[in-house]
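So the structure is just underneath, and the comments pick up after that.
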Amino acid sequence: MGLFGGGKSHHSKNPMDAAMPFLNQMDPLLQQYYQPYIQAGNRQLPNLESQYGQLTNDPGGFLNKVGQNYQQSPGFDFAMKQALQGAGHAAAAGGMAGSPQHEQQNMSLASDIASQDYDRWMREALGLYGEGLGGQQNLYGLGAQAGMGLGTNLADIQGMKAKMAYEARKAKNQEEATRRSSLWGSLGGLAGGALGSFGGPIGAAVGSSIGSNLGSMM
């Protein structure tokens with residue numbers, strides 16, 4: 001090493017340089033675990049907006065659209081047959097079989113059974129629709145949480161990098177200041193020695209004082 005501190009430093013490796021490769025690996029690692037949930041949530045958003053738009057803007061039209069797919073239940077025909085047979089027996093026992101009253105009663109029974117079957121189908125269909133919509137909401141919620149988690153973690157990592165860079169720069173500045181102070185102190189000592197050889201104790205004291213003052217100013 002030269003007089004003015006040339007050559008390579010033999011100090012231990014900077015902590016920031018040692019930690020930075022690990023911190024740089026965190027970004028792709030976090031992306032790997034968070035992105036599937038973020039992407040799944042993002043895929044739900046367009047359909048959720050569309051579905052909520054239908055429900056709020058035209059709820060009656062939405063119900064009609066669901067009702068267009070109505071299908072009679074497997075037990076509909078059996079229930080209808082049983083009801084009509086019971087009404088027929090009652091009408092026959094009362095001597096009203098085949099009368100207009102009997103026919104009107106049959107129509108009323110058929111209408112009630114059909115209405116009940118339709119209502120049952122709609123309840124089940126809307127229940128399944130609610131489950132599907134709720135599932136999409138859950139996926140979107142997971143995606144939103146994953147996005148916030150990823151953002152927080154990435155911000156923390158950047159903060160750690162910034163803090164480490166600041167501390168490394170601060171330590172380097174302190175090291176350089178200490179080196180300059182030591183250098184000028186050494187030069188002062190040399191000057192003191194040179195002056196001392198010519199001027200005795202007074203010259204040595206003057207040289208030492210010059211070196212101390214130079215060191216304190218750096």
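Label positions at Gln82 and Gln158, each projected 7 Å from the Cα along the C-beta direction, are separated by 6.9 nm.
Net charge in the neighbourhood of Leu150 (other residues with Cβ under 12 Å of its Cβ; Lys, Arg +1, Asp, Glu -1) is -2.
Near Ile113, once Lys and Arg are set to +1 and Asp and Glu to -1 for all other residues with Cβ below 13 Å from its Cβ, the sum equals -2. Cross-link partners of Lys172 among aspartates and glutamates, defined as those whose alpha carbon lies under 20 angstrom from its own and excluding same-chain residues fewer than eight positions apart: Asp17.
Measure off 7 Å from each Cα along the Cα-to-Cβ vector at Ser182 and Gln35, then give the distance between these two points in nanometres to one decimal. Each label point is offset 7 Å from its Cα along the Cβ direction, giving 4.8 nm.
Just so you know, all these numbers are worked out from the coordinates, no wet-lab data involved. Small disclaimer: the values here were computed from a predicted structure and weren't measured. Reconstructed Cβ throughout: ideal geometry from the backbone, glycine too, with neighbour counts over all protein chains shown.
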